[in-house]
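Chemist: Sharing a structure with you now.
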Amino acid sequence: MNTQLAANTKSDYVVAKFGGTSVANFDAMSRCAEIVCADNQVRIVAVSASAGVTNHLVALCKADLSAAERDEHITGVVAIQEAILAELSLDADLAHGFNETLKAFQNLASEGAKSVAEQDELLSFGERLSSYLFTQVLRAQGLDAVRFDVRKVLKTDSQFAKAIPNVAATAATAKEHLVPLLDDHVVVTQGFIGSNEHNQTTTLGRGGSDYSAALLAEAINAKSVHIWTDVVGIFSTDPRLCAKASPIARLSFDEAAEMATFGAKVLHPATILPASRSHISVFVGSSREPQLGGTWIEKEKSQQPGIRAVTQRKNQILLTVKSPEMLLASGFLARVFTILSEFNISVDLVTTSEISVAITLDNAPNASRPELDQACLDKLSEFCHVSVENNLTLVALIGSEIQLRQQEMNLMQVLSDFNIRLICHGASKHNLCFLVEQSESDEVVQAIHSRLLESQVAA
Ligand code: ADP
Ligand code: ASP
Ligand code: MG
């Protein structure tokens with residue numbers, strides 16, 4: 001907890017974040033600009049790269065691209081910018097910066113980003129470009145908007161591709177460089193990117209713009225963060241998977257954090273951290289239909305017990321390490337986790353037996369770096385037997401005080417039709433998780449939603 005921040009009084013400022021589909025083209029950007037114009041408490045706007053751009057940039061980071069593939073991805077990025085530019089006339093200050101940034105992108109993308117630092121630099125261009133364009137769209141609607149390079153204030157460590165923010169340094173630099181702009185301007189800045197102590201560009205991981213918005217809100221003592229996306233709030237499950245998924249009007253910080261952690265892609269998993277530690281409320285709504293409202297996430301005094309949502313996270317790896325030496329021995333788990341931490345691997349679920357420990361890890365296909373590499377497996381193999389299973393999905397029931405009394409029988413019945421690989425319950429009152437075969441996971445989620453959630457009225 002940053003006591004300096006807590007001691008400061010909260011401003012009335014709101015940070016608004018617009019995701020990739022919300023800034024995908026000129027019309028989408030114009031709808032977002034209307035949202036900003038309608039709320040004069042919105043003083044910082046954090047934008048994502050236009051939809052599709054970061055996927056091109058991730059592809060451009062791959063070492064084994066042919067010249068034709070490289071060209072195709074560069075052209076893809078440029079075409080998205082040009083389609084928006086065709087509807088806008090950039091003011092001189094923005095035109096200069098935009099053109100320089102586009103040139104820098106084309107140079108680095110053509111040469112190829114070899115180091116992890118260069119790869120983060122390459123990944124940063126999506127947000128850097130969209131923020132120029134969005135600033136002009138706001139100006140076209142009469143706002144006094146300025147573009148601000150977030151790397152000046154959002155300070156992180158040097159773990160490229162999944163950098164950890166430095167909250168104190170971010171607050172201090174924001175106070176100096178960002179806060180003075182807020183009285184007279186709407187500041188348009190970038191989600192997803194930051195910089196380390198040497199001012200090299202870093203990124204916060206895929207989907208990280210939500211997290212950026214919450215960090216900026218914390219740094220300027222804002223009262224809330226508005227996450228504008230392509231769905232009218234957080235639903236009882238991914239609405240693309242279940243037609244009967246229903247929007248949830250209110251969630252506690254704990255419930256929302258669990259949903260984000262366990263796969264509700266609508267929020268980056270770390271978004272709730274700054275919000276809950278600094279008492280910043282979070283709203284999630286649709287930039288296409290802002291009039292429909294959305295989900296408010298706040299600290300709640302009493303939470304309604306029971307299951308509120310079901311989520312899934314695909315592409316999980318199950319790593320099992322086994323050693324007869326573990327029997328009655330101490331230090332085995334510490335040794336395993338020390339190695340995982342040396343390789344910067346973040347572990348999700350853990351179950352143990354007397355001689356083995358099973359651990360789940362992410363293997364997201366669009367991540368800019370694989371989670372588990374051979375060097376780590378080799379190191380573990382020096383003292384235990386290691387096995388790796390792929391193509392699994394982590395399914396989680398989320399709520400509060402999940403005890404499953406009445407629902408237990410229903411759940412067990414639903415699950416009996418499927419092959420369940422591992423179950424975890426008890427470490428948190430807010431979730432119950434299990435692993436299933438990826439090929440069956442959509443069906444598992446649909447079956448759980450239909451049997452356990454569709455009878456409930458969303459609150
Ligand atoms: P953005 O580009 O605005 O950041 P994302 O694609 O990252 O948007 O997140 C929005 C998507 O999250 C939705 O289109 C939806 O398919 C997905 N999603 C997954 N789980 C949920 C959920 N429980 N509630 C709402 N949306 C969800
Ligand atoms: N543009 C980044 C991504 O697609 C960050 C974000 O949109 O949140 O992952
Ligand atoms: Mg997102």
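No value in this document is a laboratory result; all are computed from the given coordinates. Bear in mind the structure is a predicted one, so any value in this text is a computation, not a measurement. With ideal geometry, Cβ positions are generated from the backbone for all residues, glycine too; neighbour counts draw on all protein chains shown.
Chemist: Grab the other residues whose beta carbon is less than 9 angstrom from that of residue 428, score K and R as +1, D and E as -1, and report the net.
Modeler: Cβ neighbours under 9 Å give a net charge of -1.
Chemist: Using the crude model of +1 on Lys and Arg Cβ and -1 on Asp and Glu Cβ, and no other charge, please compute the dipole size for the chain relative to its Cα centre, in debye to 20.
Modeler: For the chain, the charge dipole is close to 860 debye.
Chemist: Starting from the exponent 0.38 and prefactor 2.2 Å, build the expected Rg for the range 130-258 from its residue count and divide its actual Cα Rg by it.
Modeler: 1.19
Chemist: What lysines could a cross-link reach from residue 314, if we take a straight Cα to Cα line under 17 Å and drop same-chain neighbours fewer than 8 places away?
Modeler: Within reach: 265.
Chemist: While we're looking at this one, here's another question. What would the Debye formula give as log10 I(q)/I(0) at q = 0.15 Å⁻¹ for the alpha-carbon point model of the range 1-131, no solvent?
Modeler: Here the Debye-derived log intensity ratios amount to -0.79.
Chemist: Still on this structure, please answer the following. With a Förster radius of 35 Å, plug the Cβ-Cβ distance of residue 451 and residue 375 into 1/(1 + (r/R0)^6) and report the FRET value to the nearest 0.05.
Modeler: The formula returns an efficiency of 0.20 here.
Chemist: Moving to a separate point now. Of all beta bridges DSSP finds with both residues in the chain, what is the antiparallel percent, to the nearest 5?
Modeler: 60
Chemist: At q = 0.09, 0.14 Å⁻¹, what log₁₀ I(q)/I(0) does the chain have when each alpha carbon counts as one equal point scatterer in the Debye sum?
Modeler: -0.62, -1.41
Chemist: Same structure again: Sort the following peptides by mean Cβ neighbour count (other Cβ atoms within 10 Å, averaged over residues), highest first: 380-389, 153-162.
Modeler: Listed from highest to lowest mean packing, they are 153-162, 380-389.
Chemist: Any idea which of 266, 242, 231 is furthest toward the positive side of the dipole for the range 172-325, if Lys and Arg beta-carbons carry +1 and Asp and Glu beta-carbons -1?
Modeler: 242
Chemist: In percent, what relative contact order does the chain have, based on Cα pairs under 8 Å that are 6 or more apart in sequence?
Modeler: 15
Chemist: Can you tell me the dipole magnitude for the range 184-335 around its Cα centre, using point charges on the Cβ only (Lys, Arg +1; Asp, Glu -1), in Debye to the nearest 20?
Modeler: The calculated dipole for the range 184-335 is roughly 460 debye.
Chemist: Follow-up question, since we're still on this one. Report the convex hull volume per residue for the range 72-154, counting only C-alpha atoms, in Å³.
Modeler: 90
Chemist: Next question, about the same structure. Looking at this model, which pairs from 322/379; 62/162; 62/114; 17/114; 155/223; 17/223 are more than 19 angstrom apart at the alpha-carbon?
Modeler: Distance filter (> 19 Å) returns 17/114; 155/223.
Chemist: At 7 Å along the Cα-to-beta-carbon direction for both residue 350 and residue 169, put a label point, then send me their distance in nm to one decimal.
Modeler: My value for the distance between the label points is 2.9 nm.
Chemist: Taking K and R as +1 and D and E as -1, what net charge do the other residues with C-beta under 9 Å from the C-beta of residue 227 add up to?
Modeler: 0
Chemist: Tell me, what are the semi-axes, in whole angstrom and largest first, of the equivalent ellipsoid of the range 203-304 as set by the roots of 5 times the Cα gyration tensor eigenvalues?
Modeler: Equivalent ellipsoid semi-axes, largest first: 20, 15, 14 Å.
Chemist: Just check the range 192-231 against the gyration tensor rule for me: Cα atoms, a ≥ b ≥ c as the square roots of the eigenvalues, rounded for a/c under 1.5, and otherwise prolate or oblate depending on whether a/b exceeds b/c.
Modeler: Cα axes put the range 192-231 in the oblate bin.
Chemist: Going highest first, how would you order 60-71, 194-205 by mean Cβ packing within 10 Å?
Modeler: 194-205, 60-71
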